[in-house]
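*Asks:* Below is one structure. I have some questions about it.
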Ligand code: NAP
């Protein structure tokens with residue numbers, strides 16, 4: 001990409017797009033965004049975009065070298081732990097600055113009926129005791145791992161169709177961000193009595209939790225993987241820009 005600093009943004013989130021937008025407006029740094037390529041028609045950030053995996057830690061390290069990348073901002077989704085682990089390893093191997101940009105976690109407020117569970121198995125064990133008609137808003141890959149649970153109806157919502165659906169499920173194609181009004185209509189319209197979601201954080205994904213609170217519905221939340229230890233970490237794109245400025 002020529003001389004001077006080049007930032008690699010590991011993307012796939014609204015925060016990654018916002019960061020690219022801020023760098024475009026700022027005009028002082030060069031960047032490119034990498035997307036995994038899970039979504040066929042992704043919402044693209046401004047600037048150069050590269051789509052597809054790197055081929056593990058070694059593949060990423062080779063890419064960083066070839067492109068002359070001088071810093072990596074990992075703005076992948078809080079549940080994209082493999083990419084994060086690999087990005088930390090590759091940047092450590094090359095001695096490059098790494099920043100984790102991870103949105104703040106949600107906090108329960110009065111009226112919320114949240115049940116936080118460690119994984120999908122625990123969620124499925126709990127669900128029949130809290131609801132019968134479940135909105136599963138967990139993303140395509142996790143939805144494909146939902147087991148058949150006698151007596152449960154699943155309304156699975158994702159951007160693209162999961163490779164498989166559990167028995168007694170309907171699939172709804174939709175892409176966030178969602179509004180509170182739309183989420184309330186969805187829950188009422190499908191007579192949903194429980195919500196299964198990832199504890200992702202972020203505003204766009206929050207509306208379903210607010211709608212569940214309004215309707216008094218239980219929410220089973222898959223716990224967020226911990227923020228990786230011993231790495232620089234910020235929660236907003238503005239803080240990521242400030243971190244990049246300090247590197248210059
Ligand atoms: P993952 O399990 O952490 O990563 C699996 C593999 O996908 C990685 O080893 C890497 O392949 C490739 N990859 C992941 N993110 C990439 C990126 N930004 N650019 C280039 N390659 C990437 O990730 P995931 O959970 O499948 O998520 C895939 C993407 O979807 C992420 O970018 C994430 O931000 C976004 N996303 C995930 C979720 C979720 O719930 N997991 C929700 C919303 C958005 P190689 O090993 O070949 O390099």
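What follows draws every value from the coordinates through simple rules; no lab data is involved. On a predicted model such as this, the values are computed, not experimentally measured, just so you know. Neighbour counts are summed over all protein chains in view; Cβ atoms, including those assigned to glycine, are modelled from backbone coordinates with ideal geometry.
*Asks:* Could you give the semi-axes, largest first, of the ellipsoid that matches the range 130-173, computed as the square roots of 5 times the alpha carbon gyration tensor eigenvalues and rounded to whole Å?
*Replies:* Details: eigenvalues 52, 22, 14 Å².
One finds semi-axes of 16, 10, 8 Å for the range 130-173.
*Asks:* For the range 124-248, which semi-axes, largest first and in whole Å, follow from the square roots of 5 times the eigenvalues of its Cα gyration tensor?
*Replies:* Details: eigenvalues 193, 55, 39 Å².
Semi-axes from the Cα gyration tensor: 31, 17, 14 Å.
*Asks:* With an 8 Å cut-off on Cα pairs and a minimum separation of 6 or more residues, tell me the relative contact order of the chain in percent.
*Replies:* Result for the chain is 21 percent.
*Asks:* Please give the helix 56-67 orientation as an angle from the longest Cα principal axis of the chain, in degrees from 0 to 90, rounded to the nearest 10.
*Replies:* 40
*Asks:* Under 1.5 on a/c is rounded, so check that first for the range 197-248, then, if it is not, pick prolate when a/b is larger than b/c and oblate when it is not; a ≥ b ≥ c are the square roots of the alpha carbon gyration tensor eigenvalues.
*Replies:* Judged from the Cα gyration tensor, the range 197-248 comes out oblate (a/c at least 1.5, b/c at or above a/b).
*Asks:* Return the whole-Å distance between the Cα centroid of the range 13-78 and the Cα centroid of the range 140-170.
*Replies:* Comparing the Cα centres of the range 13-78 and the range 140-170, I get a distance of 30 Å.
*Asks:* Per residue, how big is the convex hull of the chain when only Cα atoms are used? Give it in Å³.
*Replies:* Values: hull volume 31.8 nm³, N = 248.
So the per-residue hull volume is 128 Å³.
*Asks:* If contacts are Cα pairs under 8 angstrom and at least 6 residues apart, what is the relative contact order of the range 134-248 in percent? Working shown, then result.
*Replies:* On the way: 160 pairs, mean separation 24.9, N = 115.
Relative CO of the range 134-248 lands at 22 percent.
*Asks:* Given the C-alpha atoms of the range 92-148, compute the convex hull and give its volume per residue in Å³.
*Replies:* Values: hull volume 9.0 nm³, N = 57.
So the per-residue hull volume is 157 Å³.
*Asks:* What number, in nm² with one decimal, is the all-direction average of the projected area of the convex hull of the alpha-carbon atoms of the range 64-198?
*Replies:* Mean projected area of the Cα convex hull: 10.5 nm².
*Asks:* I need 116, 109, 18 ordered by Cβ neighbour count within 10 Å, fewest first.
*Replies:* 109, 116, 18
*Asks:* Neighbour counts of other C-beta atoms within 10 Å: give me 132, 30 arranged from fewest to most. It would help to have the intermediate numbers written out before the result.
*Replies:* On the way: 132 14, 30 18.
With the sparsest Cβ surroundings first, the list reads 132, 30.
*Asks:* Give me the one-decimal Kirkwood hydrodynamic radius in Å for the range 185-227, with the sum taken over alpha-carbon pairs.
*Replies:* Values: mean 1/r = 0.0908 Å⁻¹.
So the Kirkwood estimate lands at 11.0 Å.
*Asks:* Separate question: Rank the residues 192, 51, 88 as a footprinting-exposure proxy: fewest other Cβ atoms within 10 Å of their Cβ go first.
*Replies:* 51, 88, 192
*Asks:* Kindly identify the range 150-192 as rounded, prolate or oblate by the Cα gyration tensor criterion: order the square roots of the eigenvalues as a ≥ b ≥ c, call it rounded if a/c is under 1.5, otherwise compare a/b with b/c, prolate if a/b is larger, else oblate.
*Replies:* Numbers: a/c = 3.77, a/b = 1.30, b/c = 2.90.
Oblate, since a/c reaches 1.5 and b/c is not below a/b.
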